[in-house]
1. Limited to region 332-366, what total is found for residues that are out of contact with any helix residue (DSSP H, G or I) (no Cβ under 7 Å at 6 or more places or on another chain), open to solvent by less than 50 Å² (accessible area, probe 1.4 Å) and either at pLDDT 85 or above or closer than 23 Å to S115 by Cβ (or both)?
2. Which of (1) more than 24 Å from A165 (Cβ to Cβ); (2) under 18 Å from the mean Cα position of the chain (by Cα); (3) in a loop (DSSP other than H, G, I, E, B) is the odd one out, the single condition A113 does not satisfy?
3. Can you tell me which residue is farthest from N251 (Cα to Cα) among those in region 121-158 that are among the small types (G, A, S) and at pLDDT 90 or above?
4. Look at A65 and say whether it is touching a helix residue (DSSP H, G or I) at 6+ places or on another chain (Cβ under 8 Å) and of a type in the set (A, V, I, L, M, F, W, C).
5. Please determine, by comparing only the residues of region 191-206 that are at pLDDT 90 or above and not in a loop (DSSP other than H, G, I, E, B), which one is most open to solvent (accessible area, probe 1.4 Å).
6. Taking region 146-168, which residues are part of a strand (DSSP E or B) and either open to solvent by 40 Å² or more (accessible area, probe 1.4 Å) or not assigned by the TED database to the domain that holds P236 (or both)?
7. Tally up the residues in region 42-55 that are open to solvent by 10 Å² or more (accessible area, probe 1.4 Å) and touching a helix residue (DSSP H, G or I) at 6+ places or on another chain (Cβ under 6 Å), please.
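The values are calculated or read from the model by the stated rules, or taken from the named source; none is laboratory data. Values in this document were obtained by computation on a predicted structure and should not be read as measured data. Here Cβ is always computed from backbone atoms with ideal geometry, including for glycine, and neighbour counts include all displayed protein chains. Side chains are part of the model used for accessible areas, which takes the heavy atoms of the whole protein and leaves out ligands, DNA and RNA. Shrake-Rupley method; radii C 1.70, N 1.55, O 1.52, S 1.80 Å.
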Amino acid sequence: MTTNGSERPAQAQQRTIISVDAMGGDRGPAAVVAGLVDSARADADLAFLLHGDEAVLRPLVSQHAEIADRCEIRHAPRVVTMEDKPSQVMRHGAGTSMWSTIDSVKDGEAAVAVSCGNTGALMAVSMIRLRKLPGVNRPAIACLWPSRNPGGFNVMLDVGADIKAEAEDLLQYATMGAAYARNGLHLRRPRVGLLNVGTEEHKGRAELKLAHDRMLAAQDAAEFDFVGFVEGGDIPSNRVDVIVTDGFTGNIALKTGEGTAKLSSDFMREAFASGILSKLGALLALGALKRLQKRIDPRRVNGGVFLGLNGTVVKSHGGADATGVSAAIRLAAQLARSGFVDRLAARVASAGRAGQDAAVEGGGQE
C-alpha cells in the first residue's frame, strides 16, 4: 500500500479503480473501509484509492488482508462537513478528502468517484473539477426506486441537483436517465415517462407540455420509448422504467418514499411484537419477512448517480453502513465497466439535435 501516488496498487492496471472519499459519511471512515472490504470480497477485479486522514485510515486498512494490496491511501488533511455550504467548498475545498476523490477521476487515475459526503458540496466540486458534458445545461442526480418491473427498480431523475428545469433540461434528463437504465439495469430500450399532475396531454405547466413534444420527437435518436405523462403512483409501477422530473419535485418524492418505507417497517415491527400470537406468526412467516426485508432494503440500492459530467460520481447516502457503501461501489464499478460516460455523451448530442429539429418544425419557443 502506498500513500504518495508514485505507485499503483498491485495489479491495478488490470483492475477497475474506484476513488473513495473515506471521511464524509455520518458513520465515519470505519464504515467506509468495511464497505471496501465487502466489495473486495465480492469482486476480485476492484482496486481503490482511499482519500482522507492517513493517520486514521492506515490502521483501519491494515486490519484487512482483503484490501491490503488493493487500496492506496491518499492523504487529505481536511474534511467537508454536512454543514459546509457548497459555495464555501467551491472556493476553499482544495485539500479535503472530497476534492481529492474527484481529482483522481479528473486526472484519469480512477474510473469513478464514490462519496457519502455533503450532496450540494459534492455536486459543486464535481462540476468545478470534472465540468459538464458538451450540450448539458444542468447535471442531474438519478436514483433507483423499487418497482414492480422484472428488474425490481425504476430510475428517477432529477432528485436534487437543481430545483429548476426547463423543457430542454427535461429532455436531457430523459436522455441521460435512459442511458443510465440501459447500462445500470440492462434495458435495451427503456420506457421514459414525464412526471405530471395527470396523464392527459392538456395538463401541467407550459414547460412540461413542450418537454412532452420534444421527448416524443427525440425518442428514436436517444433509443427510448416515450410513454407520455405519468403520475406519482406510476413511480414504482411497471408502466415505465425512467421517471423524469425537476429536482425540487424529485427530491420531495424521494424523501417521502424513504420516510414512508421506514414508517411501514416500524409499524410492521410493532405489530409482530404486540403479543405472543403475533410473535408466533412472525416466527412462522420469518422466511417471507426476510425476503421482503431484502427486497425493500434501501441499502441495496444506495447510490445516486451524478449524470451529465465528464466523469462518473456516485453519491452514497450520508448514513450508509458497510452494506450501503458496498452497494454504491458495486454500482460505480458496473457503470465504469460499461463505458457509461462516453455512451452518455453520444446520446445527449443525438437527442439534442432531434429535440431542436422538433422545436423548429413546431415553431415552438421557450
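1. Count: 6.
2. (3)
3. Taking the candidates together, the pick is S126.
4. So A65 does not fit the description; no.
5. Per the criteria, the residue is R191.
6. Passing the criteria: only P146.
7. The total comes to 0.
Here is a yes/no grid of residues against (1) open to solvent by 80 Å² or more (accessible area, probe 1.4 Å); (2) free of Cβ contacts under 8 Å to residues at least 12 places away in the same chain; (3) assigned to a helix (DSSP H, G or I):
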| residue | (1), (2), (3) |
| --- | --- |
| Q219 | no, no, yes |
| G233 | no, yes, yes |
| N238 | yes, no, no |
| T249 | no, no, yes |
| I252 | yes, yes, yes |
| K255 | yes, yes, yes |
| A261 | no, no, yes |
| D266 | no, yes, yes |
| S274 | yes, yes, no |
